[in-house]
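J.: Structure provided below as structure tokens; questions to follow.
The values are calculated or read from the model by the stated rules, or taken from the named source; none is laboratory data. Bear in mind that the values here come from a model prediction, so they are computed numbers and not experimental data. Every residue, glycine as well, gets a Cβ built from its backbone with ideal geometry; the counts of neighbours run over all protein chains shown.
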Amino acid sequence: MQENTPEFEDDDGFDRPSKSQMKRDMTALQKLGEDLLALPESRWEPLALPEILHDALKAAKKITNFEGRRRQMQYIGKLMRKIDPEPVREAVAAFKLGHAQDSLKLHESERWRERLLADDEALQAFIGAHADVDIQQLRNLVRAARKDASNAPEKRSGRAYRELFQFIKASQANEAAGDE
């Protein structure tokens, strides 16, 4: 019995990407265009985008209709095929990393505030970690925030509570600037 399967040679003309791969690549570029759209316009300037792509991105920011926006994003994906996507990928990654680092710093400030309000030993630890901090102001803020918390334990949003957070955040920013 003979099988009806064709014999393939090494050079049968399959040297281009498959249609599925091309679709995956186009979808990835469209997604990169959406990420680029999420960046502030000031971050577009160093990328030296073609004017037509720049205009398409500006237009996409104004479109609120779902179908219109979807079609505009497809157009942006088409335009993205004509540029080198690596600088755009790097810019998007740098922007996302910056936001993640800012978020981590805020969480760290919140943890310090909670520790300072809960424990007197945390005050010494904070002073040790941040040598240039105004110790008297820090103690006054901690004392006032604890007083606010004792007056309204379910509500942790008194003025001193917020001021303590701002003080901690500023101290950490000064420490980070001193490290550079």
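J.: Out of everything in region 27-62 that is surrounded by 14 or more Cβ atoms within 10 Å (Cβ to Cβ) and of a type in the set (Asp, Glu), what residue ends up being farthest from the chain's Cα centre (by Cα)?
T.: It comes out as Glu34.
J.: For Leu116, all conditions in the list (1) under 26 Å from Leu39 (Cβ atoms); (2) over 14 Å from the mean Cα position of the chain (by Cα) hold save one; what is the number of the exception?
T.: (1)
J.: Restricting attention to region 145-159, and to residues there that are of a type in the set (Gly, Ala, Ser) and more than 17 Å from Asp120 (Cα to Cα), which single residue is modelled with the highest pLDDT?
T.: Gly158
J.: Among the numbered conditions (1) outside any helix (DSSP H, G or I); (2) assigned by TED's automatic domain parsing to the domain that holds Arg24, tell me where Leu79 comes up short.
T.: (1)
J.: Cβ-Cβ under 9 Å, sequence separation 6+ or interchain: first residue in region 54-69 and over 18 Å from Arg43 (Cα atoms), partner among the aliphatic types (A, V, I, L, M) and crowded, with 16+ Cβ neighbours inside 10 Å. Which pairs?
T.: Filtered contacts from region 54-69: Arg69/Ala60.
Residues are listed down the side, and each one gets a yes or a no for (1) in a helix (DSSP H, G or I); (2) surrounded by 15 or more Cβ atoms within 10 Å (Cβ to Cβ); (3) in contact with a Phe, Trp or Tyr (Cβ under 9 Å, 6 or more places away or on another chain); (4) of a type outside the set (Lys, Arg):
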{"position": "Glu67", "(1), (2), (3), (4)": "yes, no, no, yes"}
{"position": "Arg70", "(1), (2), (3), (4)": "yes, no, no, no"}
{"position": "Tyr75", "(1), (2), (3), (4)": "yes, yes, no, yes"}
{"position": "Glu90", "(1), (2), (3), (4)": "yes, no, no, yes"}
{"position": "Ala94", "(1), (2), (3), (4)": "yes, no, no, yes"}
{"position": "Ala100", "(1), (2), (3), (4)": "yes, no, no, yes"}
{"position": "Glu114", "(1), (2), (3), (4)": "yes, no, no, yes"}
{"position": "Val133", "(1), (2), (3), (4)": "no, yes, yes, yes"}
{"position": "Gln137", "(1), (2), (3), (4)": "yes, no, yes, yes"}
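J.: Taking region 45-64 only, how many residues are under 16 Å from Leu32 (Cα atoms) and assigned to a helix (DSSP H, G or I)?
T.: Summing the residues that are under 16 Å from Leu32 (Cα atoms) and assigned to a helix (DSSP H, G or I) in region 45-64 gives 8.
J.: Being within 22 Å of Tyr161 (Cα to Cα) and surrounded by 11 or more Cβ atoms within 10 Å (Cβ to Cβ) is the requirement here; does Leu123 meet it?
T.: For Leu123, the condition - within 22 Å of Tyr161 (Cα to Cα) and surrounded by 11 or more Cβ atoms within 10 Å (Cβ to Cβ) - is met.
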